[in-house]
Amino acid sequence: MPATPTRQPRRDAVRNHARLLEAAARAFREQGLGASVNAIARDAGVNVATLYRHFPTKDDLLRAVLDAILEPLATARDRALAEAHDGEVLETFLREAVRLQRGQRGLVEALGRHPGAPDVSEQLRGPAIEIVTPVVERAHRDGELVAGLDAVDVLIALRMLAVVPESADIAARGGHDRYVRIILRGLR
């Protein structure tokens with residue numbers, strides 16, 4: 001029996017999926033986990049049935065948003081491991097992760113202020129550690145990271161960098177780059 005060809009999702013379905021994730025991230029950031037799925041669908045420009053076709057439950061939508069939060073971290077890891085020279089993987093990772101995470105500023109913190117938040121943090125913790133572990137292992141091997149520090153320490157350092165505000169004062173002081181250098185001194 002011949003194999004059934006794999007169907008590619010329609011372009012409008014792909015676009016609607018992306019719009020729903022953006023609207024959900026915005027709603028969760030601004031209103032917390034209690035954000036209405038009807039309002040999310042409306043903000044995305046689709047009807048609620050379309051939302052439920054993509055995300056059968058609100059938990060599925062939240063999981064997809066959490067995966068999207070981790071995506072820049074994985075991209076930064078991949079770029080650092082592929083492009084960094086020996087002794088520069090940690091620095092490359094931190095700089096890239098800070099750059100990529102600017103668009104998600106405040107979402108994790110906003111989710112953390114609402115009921116059910118410990119569950120959100122736990123859902124992010126394991127995958128985030130898995131993403132960062134290869135960077136930590138290579139940084140240890142290259143002598144770029146103090147032996148006693150691990151993926152959790154690097155994630156905490158990254159979280160500290162994520163809260164550096166965008167302002168003229170920070171830009172005048174050297175911008176985010178200044179704070180990446182300060183954190184790197186502590187990690188080395």
Subject >> Subset of the range 82-98 that is in contact with a helix residue (DSSP H, G or I) (Cβ under 6 Å, 6 or more places away or on another chain), assigned to a helix (DSSP H, G or I) and of a type outside the set (Asp, Glu) - its residue that is farthest from Ala39 (Cα to Cα) >> reply: Val89
Original post:
Mind checking which residues of the range 53-66 are free of Cβ contacts under 8 Å to residues at least 12 places away in the same chain and assigned to a helix (DSSP H, G or I)?
Top reply: Arg53, Asp59, Asp60
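Within the range 27-39, can you find the residues that are surrounded by 16 or more Cβ atoms within 10 Å (Cβ to Cβ) and not in a loop (DSSP other than H, G, I, E, B)?
Once the filter is applied, which keeps residues that are surrounded by 16 or more Cβ atoms within 10 Å (Cβ to Cβ) and not in a loop (DSSP other than H, G, I, E, B), the range 27-39 yields Ala27, Phe28, Arg29, Gly32, Leu33, Val37.
Read-outs: derived from the displayed coordinates by stated rules, not from any lab. Only a predicted model underlies this, so the values are computations on that prediction, with no experimental measurement involved. Cβ: placed from backbone, ideal geometry, glycine included. Neighbour counts: every protein chain shown.
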